[in-house]
Amino acid sequence: MPGTEILRMEHIRKVYSNGVVANSDITFAVNHGEIHALSGENGAGKTTLMKMLFGEEQPTRGDIYINGEKTVIASPTAAIRMGIGMVHQHFMLVPSLTVIENMILGMEPRKGLIIDQKLAERQVAEISEKYNLIVPPHAKVQDLTVGQKQKVEILKALLHGAKIMILDEPTAVLTPQETRELFHELKILRDSGYTIIFISHKLNEVRELCDRITIIRRGQTMGVYDVKDVDEEEISHLMVGRDVALHLEKKPAHQGEAAIEVEGLTVRNIIGQKKLDGISFRAMRGEVFGVAGVEGNGQTELVEALSRNMDFHGGSIRILGKDISGMSIRQLRAQKVSHIPEDRMTTGIAGALSITENAMADKSYNPEFCGKGTLLRKKNIKAYGQKMVERYHIFCKDLDVAISSLSGGNIQKVVLARELSSDPEVIIADQPTRGVDVGATEFIRKELLRLRDEGKCVFLVSSDLNELLGLADRLIVLCGGKIAAYFPDTTAITEDDVGQYMLGLDRQSEQEIAEVTK
Amino acid sequence: MSIILQNIFSTEFVYMWIRVVTPILLPALGGAICNRAGVVNLGLEGIMLLSALAGVLGSAFGGGLLAGLAAGLGTALLVSLVFAYFHLNLKADATICGTAINTLASGFTVLLLFTITGEKGTSASLKSFSFSTVNIPLVEDIPVIGKILSGHNLMTYVALLAVVAVWFLLYKMPLGLRIRSVGENPNAASSVGVNVRRTRYIAILLCGALTGLGGMYMSMGYLGMFTREMVAGRGFIALAAAAMGQSTPIGVFLSSMLFAFFDGMSNTLQLLALPSQFIDMLPYLATIGGLTAYSIQRARKAKRRLAE
């Protein structure tokens, strides 16, 4: 029945085995036939809540009701059986299999011993026509675009009998056109009686698509609203808990000479697609140079190329006047270039090593720590670790604990300690505050500004526009591997100005963009 | 030189080629199934050796071919089950599990042989059975082709049929789809309710059965008895063939044929006055060469895609 409650998660609490409280008390209810937004900052507990709904985690406390009946969702299989479907942010598809094969996997129609190909084709065709989700059924998934893959995921959930569909930040990887298409399709689904949970912190999208919104912050429900009754400022206030425009005290920038000079940089991915397409810019000493863009528009490749973690396939990069192609990462770092990587758990740290070991990992050949290059000088290392913990306010019981036991914010501070303690001239910071709590975020931002004021070059990539506008002095927007816009002065612009270029709705003229190389 | 060429282009050589491919092709197909399921089964060599001995002992003491077949297959499945349990349930590293099986097999077979026959070298003193040869009616009467295709050991035909059977399994049966998905993206498979562990168990057992047949062919077809270390690296060559054939049945068949060619060559070259050790080396040298060529070609392909 439209309008009746189809799902209720009541007083959900989730404490992970390492003691992290991901959800402290969340109540979340969804009506039949609506598109319901679930919004909150990174780390607010959205993903954990949805994992419990999809049977991937069990709540520590609290109950889940489906159609008014109390249920335990023991596994994803159980969730699927109850009509819950999930479209993960990282697609759950098998690349070398065809669209049909991916969709029927786990519930293959049979004819004797073999898969009934004809029936499978018919099932797929029927459902894809019914909801106007058109994908080439015999294509291999690896040859599809991101948008098409997402369609396959949605179709797969439908084919498996989902009535409640969870979409975890589905637009993060889509182009604006694909996003529009997706919204259109989701509305069709809603009108055919499906219930959709839309996880997002993009307020304009919530506005456009959703009927109601539940806002959570630090593991607690902050409120449920009809989307038409609240404005974006109210929502963001509830999400963050204070006024969003976090304006840091920022002195005027004193631009020095060029620190990073990029000319016609082209990078391809493993299957040869251009991820960066001939971009050029110059970042100076004494400034924070910002890079904005929807995830997957070339930012990762740009940082990997600048930090020598990836070879580039065209153009040139000069850092502090030196051509870096052919340099090893160690040679580059010896030029006083440091890199705060995007994915701190896999690239930023070695999880099983201690705080001290992680903080000195790049200095293991420094005579202070390894004498003549054979044995480690434990005493000096320990003293150094101690110093770093104090200097960067790393909260820990003991210097020797494995770093993976720390919270995200503290882990990031260790990365920061390692990268900033070697007195860098160029700091490449990729998503430095992602998933980091508010206090640590503020600390990290202040550190970056301090370095800028000392005349270093801070190269900042972030998906948080608020952060970019607050920190960066100049800003470029990447869209589809190209520079879509250049803003020489960030004080004069708003998020909306940047947003339209990020989404590819608009594009500056070549002359305007070329200004960035001057 | 001309002697060699004459030999290679003779029906006898082609006949032998098919004969020597049997103990490579069977385990290679098994290895391919495992690869597809995301399990690297390094224990093929050991499984072959153990089932080669078990087959001989089973037929000798069970008084018939069927008993030997049961003993050989049973042993292969049991060892595979142990491998699967350690790797999938106890999460032990597959390489270590496989190596353990190989090391165990080479010592244990000699121990068992010695305990039972009092000899450490061969089972010649036991009266064991072999799989019979099969003459295919009609085909055997065709000139040249009849000589090549007919009159092989039963297990050789089983191996050739297994190529088709594995293809059918992987591409036509629901189990095959699951095996392929589990190997490539286990998270995706389990998110739609496919039991990853069970699928891998099945793959390892199927691999065990095929490998066991390959092992039994060694002692109950290729030779009529068990001799110590008689598998002589064929399990590893099979692994190489599975990898080079990209774990597709046709690819595995072709690369097994390639490796078998050099195995056959080494038989032929014995006619020449070359040191026998050098000749014995050839199949393995070919394996390394084949794998190197394959890797280079793959790297080139990747590079070309990047340069476009």
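Data overview
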read-out	value
Ranked order, B:S190, B:S59 - accessible area, probe 1.4 Å, largest first	B:S190, B:S59
Nonlocal amide H pairs with A:A139, under 5 Å, H built at 1.01 Å	A:V99
Pairwise FRET efficiency - A:Q331 versus A:T374, Cβ, R0 = 35 Å, nearest 0.05	0.95
Given charges at beta-carbon only (K, R positive; D, E negative), |dipole| of chain A in Debye	1860 debye
Accessible surface of A:Y486 - all protein chains present, 1.4 Å probe, nearest 10 Å²	20 Å²
Inter-probe distance in nm under a simple model that places probes 7 Å from Cα toward Cβ, at A:Q220 and A:V21	0.9 nm
Surrounding net charge for B:R228, when Lys and Arg each add one and Asp and Glu each subtract one, Cβ distance under 13 Å	-1
Solvent-accessible area per residue for the range A:69-190 (1.4 angstrom probe, square angstrom)	44 Å²
Peptide-level mean, for A:110-122, of C-beta atoms on other protein chains within 10 Å	2
Long-range amide H partners of A:A484 with built H, under 5 Å	A:V477, A:L478, A:C479
Using θ = phi - 60° and Karplus 6.51 cos²θ - 1.76 cosθ + 1.60, couplings along the range A:24-34 (whole Hz; Gly, Pro as x)	9, 6, 10, 10, 9, 10, 10, 8, 4, x, 10
Most to least accessible of B:H87, A:H254 (protein chains only, probe 1.4 Å)	A:H254, B:H87
Fully extended contour minus Cα-Cα distance, from A:E69 to A:A492, at 0.36 nm per residue	146.9 nm
For the range A:397-518: relative contact order, % (alpha-carbon pairs under 8 angstrom, 6 or more apart)	17 percent
Cα-based Rg and Dmax for the protein assembly as shown, where Dmax is the largest Cα-Cα distance (Å)	32.2, 97
Scattering curve values for the range B:48-174, log₁₀ I(q)/I(0), Debye with Cα scatterers, q = 0.09, 0.11 Å⁻¹	-0.39, -0.58
Around B:S247: net Lys/Arg minus Asp/Glu count, Cβ-Cβ under 10 Å	+2
Helical contribution to [θ] at 222 nm, DSSP H n ≥ 4, -39,500 (n - 2.57), averaged over chain B, rounded to 500	-24500 deg cm²/dmol
Share antiparallel - DSSP beta bridges, chain A, percent rounded to 5	55 percent
Backbone HN-Hα couplings from phi across the range A:287-304 [Karplus 6.51/-1.76/1.60, Hz, Gly and Pro as x]	9, 9, 9, x, 10, 10, x, 5, 3, x, 9, x, 4, 4, 5, 4, 5, 4
Averaged over B:191-199, number of beta-carbon atoms from partner chains that fall within 10 Å	5
Rough spin-label spacing in nm, given labels placed 7 Å along Cα→Cβ, for A:K397 and B:V139	7.0 nm
Check: chain B dipole with +1 on Lys, Arg Cβ and -1 on Asp, Glu Cβ, in debye	1060 debye
A:H160 accessible area, 1.4 Å probe, all protein chains in place, Å² to nearest 10	30 Å²
Built amide H within the under 5 Å cut-off of A:M86, gap 5+	A:I166
Peptide A:94-107, shielding by other chains (average Cβ, 10 Å cutoff)	5
Under Karplus coefficients 6.51, -1.76 and 1.60, residue-wise ³J(HN,Hα) of the range B:257-270 in Hz, glycine/proline x	4, 4, 5, 5, 4, 6, 4, x, 3, 5, 5, 5, 5, 5
Top positive-direction residue, dipole computed over the range A:5-240 with Cβ charges, set A:G223, A:M103, A:T48	A:M103
Largest-first ordering by accessible area, 1.4 Å probe, given options A:F281, A:F443	A:F443, A:F281
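The values are calculated or read from the model by the stated rules, or taken from the named source; none is laboratory data. Computed from a predicted structure; not experimentally measured. Note that each Cβ is placed from the backbone with ideal geometry, even for glycine, and that neighbours are counted across all protein chains shown. Ligands, DNA and RNA are stripped out before the accessible areas are found, and what is left, the full protein with its side chains, is counted by its heavy atoms. Shrake-Rupley method; radii C 1.70, N 1.55, O 1.52, S 1.80 Å.
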